[in-house]
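Participant: Quick one: structure below, then a few questions.
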Amino acid sequence: AAIGTTQAAVVIGEGASRPFSSASADGWSGVGVLDAAVIDENTDPGSGDSFAVTEVSMWAAPGRADGANHFQALLVNPDNQIIWASPELTPTVDDGHNIFPLAGGDTVPAAGGPYRLGLWQWRDGTDDSAGGTVAFAGGGGEGMFQINVDGNLGANPVPLGTTLPAAGFTSPAGGRDYHIDIVVSRVPEPTIFSVLALSGFGLLIRRRRS
C-alpha cells in the first residue's frame with residue numbers, strides 16, 4: 001500500500017510507517033514477500049509507463065549492523081517471479097533507521113503489476129544463524145510469506161525471472177510487520193523533442209533553421 005509521499009514520489013510499504021521502531025529479526029536467511037506493499041499502474045503521483053525505485057528504508061535489528069548482515073529489496077510479480085532487485089545493502093545504524101538512496105537506473109513497467117515488495121536477507125559465511133537483517137514487529141502486518149534460502153549464496157541468490165518455490169512460512173494479516181519500505185517515482189516517457197535531441201537530430205534541425 002502507498003503509505004506516504006516524499007518529494008513527489010510514493011513511499012511503498014505496509015504496517016508501521018518510517019522511521020519504524022526497535023524489534024527483533026529473523027534467525028534464518030531467506031526471501032520474504034509482503035502481500036500488501038504493492039506497486040501497480042494506479043500508483044501515483046506523476047505520469048509515465050514505468051517506475052524507478054529511488055530509495056530503500058529499513059530498521060536494522062539489534063546486532064545486525066556490524067557489517068556482516070546484508071539485504072536486498074525486491075519486487076515480485078503476480079507469478080511470484082522476482083523482476084527487480086536492489087544492490088546489496090548493508091546497514092550501518094544498529095537498532096536504528098537506515099536509508100539507502102538508489103540511482104533509479106533500472107525501471108519497472110507499471111502495467112506488469114501489481115508488484116509486491118520483497119526482501120532477501122542474509123549474514124556472511126553462515127546459514128540460518130542471525131540471517132535476518134530487517135526488524136519486524138510481531139503484529140500489525142498485512143500478510144506475508146517467506147522462503148528459506150541458503151545464506152551462503154550471498155547477493156542475488158535467485159536470478160531475475162525465476163519463479164519462487166513454495167513458501168516455507170506464512171504470516172496472515174495482523175501478523176508480522178517488516179520494517180522496510182521503498183520510494184518509487186514515475187519515469188516520464190521521452191517526448192519526440194527529447195528523442196531528437198538525444199539522437200542529434202535536434203541539433204541538426206536548429207542548425208538548418210539558423
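Participant: Can you compute the modelled spin-label distance between residue 79 and residue 94, with each label point 7 Å from Cα toward Cβ, in nm?
Facilitator: With each label placed 7 Å out from Cα toward Cβ, I get 4.4 nm.
Participant: Classify region 152-191 as rounded, prolate or oblate from the Cα gyration tensor: take a ≥ b ≥ c as the square roots of its eigenvalues, call it rounded if a/c is under 1.5, otherwise prolate when a/b beats b/c and oblate if not. Present the calculation step by step, with values, prior to reporting the outcome.
Facilitator: Details: a/c = 2.33, a/b = 1.39, b/c = 1.67.
Oblate, since a/c reaches 1.5 and b/c is not below a/b.
Participant: For region 1-128, what does the alpha-carbon gyration tensor say about shape, rounded, prolate or oblate, given a ≥ b ≥ c as the root eigenvalues, a/c under 1.5 as rounded, and a/b over b/c as prolate? Can you show the working numbers first?
Facilitator: Values: a/c = 1.93, a/b = 1.57, b/c = 1.23.
It is prolate, given that a/c is not under 1.5 and a/b is the larger ratio.
Participant: Which order do you get for 136, 169 if you rank them by accessible area with a 1.4 Å probe, largest at the top?
Facilitator: Working: 136 25, 169 70 Å².
The residues order as 169, 136, largest area first.
Participant: In percent, how large is the relative contact order of region 24-127, given Cα pairs closer than 8 Å and 6 or more residues apart? Present the calculation step by step, with values, prior to reporting the outcome.
Facilitator: On the way: 201 pairs, mean separation 46.8, N = 104.
Relative contact order of region 24-127: 45 percent.
Participant: What is the sum of charges, Lys and Arg at +1 and Asp and Glu at -1, for the other residues whose Cβ falls under 15 Å from the Cβ of residue 23? If you can, show how the numbers build up before the last one.
Facilitator: Details: positive: 18, 64, 176; negative: 14, 26, 94, 95, 177, 181.
With Lys, Arg at +1 and Asp, Glu at -1, the net is -3.
Participant: Could I ask something else about it? Give a residue-ordered list of calculated ³J(HN,Hα) values for region 162-171 (Karplus: 6.51 cos²θ - 1.76 cosθ + 1.60, θ = phi - 60°; whole Hz; x for Gly, Pro).
Facilitator: Computed from phi, the couplings for region 162-171 are 6, 6, 5, x, 4, 5, x, 8, 10, 10 Hz.
Participant: Accessible area of residue 94, 1.4 Å probe, to the nearest 10 Å²?
Facilitator: 80
Participant: What does the accessible area of residue 164 come to, in Å² to the nearest 10, when a probe of 1.4 Å is used?
Facilitator: 20
Participant: Could you tell me whether region 110-155 comes out rounded, prolate or oblate from its Cα gyration tensor? Rule is a ≥ b ≥ c as square roots of the eigenvalues, rounded for a/c under 1.5, then prolate if a/b exceeds b/c, otherwise oblate. Don't skip to the end; give the middle numbers.
Facilitator: Working: a/c = 2.94, a/b = 1.46, b/c = 2.02.
Verdict is oblate for region 110-155.
The values are calculated or read from the model by the stated rules, or taken from the named source; none is laboratory data. Note that the coordinates shown come from a computational prediction; the quantities given were computed from them, not determined experimentally. Here Cβ is always computed from backbone atoms with ideal geometry, including for glycine, and neighbour counts include all displayed protein chains. To get the accessible areas, we keep the full protein, side chains included, count just its heavy atoms, and leave off ligands, DNA and RNA. Shrake-Rupley method; radii C 1.70, N 1.55, O 1.52, S 1.80 Å.
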